[in-house]
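The values are calculated or read from the model by the stated rules, or taken from the named source; none is laboratory data. What you see is a predicted model; the values in this text were computed from it and never measured. Counting neighbours? That spans all protein chains shown, and the Cβs are built from the backbone with ideal geometry, glycine included. Protein only, heavy atoms only, side chains kept; ligands, DNA and RNA dropped before computing areas. Shrake-Rupley method; radii C 1.70, N 1.55, O 1.52, S 1.80 Å.
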Amino acid sequence: QVQLKESGGGLVQDGGSLRLSCAASGRPFSSYAMGWFRQAPGKEREFVASISWSGATTYYADSVKGRFSISRDDAKNTVYLQMNSLKPEDTAVYFCAARSGYGSQAVSAYDYWGQGTQVTVSS
């Protein structure tokens, strides 16, 4: 069992930056691939970024490529999402998730989820 807790969300202006953190506890963090997803009101949860258990491989949704960066610090059992050049359409609840094996863009592929943190980008 892995417990995940996101932090770092908030209100930011168009073009601003935020860094989300996801702290993990429970089973060894270093064996899990991690993902960030987001869900806007009335929309389905969507993939944002993922990172492999080793940190060597990352994937991004086209909508955030070049603006967002995912990283992990296994010594701190934490995965980060650095978000730059934020846009109003980035407004959503952001979730981190964990799965054994390789990273995935599929919501259904992840076994453990945090409760989410709200990100609001004002125009």
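In order along segment 44-60, the phi-based Karplus estimate (6.51 cos²θ - 1.76 cosθ + 1.60, θ = phi - 60°) of 3J(HN,Hα) comes to 6, 5, 10, 5, 10, 7, 9, 9, 6, 4, 8, x, 7, 10, 10, 9, 9 Hz; Gly and Pro are listed as x.
Here the spin labels are modelled as points 7 Å beyond Cα on the Cα-Cβ line, and at Glu46 and Thr120 they lie 2.1 nm apart. Note on the chain: Kirkwood hydrodynamic radius from all Cα pairs is 14.1 Å, rounded to one decimal.
Two decimals is fine: what is log10 I(q)/I(0) at q = 0.13, 0.21 Å⁻¹ for segment 24-82, from a Debye sum with one equal scatterer on every Cα and no solvent? The Debye formula, applied to the Cα set alone, gives -0.35, -0.81.
By accessible area, using a 1.4 Å probe on protein heavy atoms only, the chain has 46% of its surface on carbon and sulfur.
Considering only alpha-carbon pairs that sit under 8 angstrom and 6 or more positions apart, the relative contact order computed for segment 1-53 is 29 percent. For segment 57-123, the convex hull spanned by the alpha carbon atoms encloses 110 Å³ per residue.
Remark: the chain carries 51 Å² of accessible area per residue (probe radius 1.4 Å; ligands, DNA and RNA excluded).
Of the residues Ala49, Ala40, Ala24, the one that moves most in a GNM of the chain with alpha-carbon contacts below 10 Å is Ala40.
Taken about its Cα centre, the chain carries a charge dipole of roughly 160 debye when the Cβ of each Lys and Arg holds +1 and the Cβ of each Asp and Glu holds -1.
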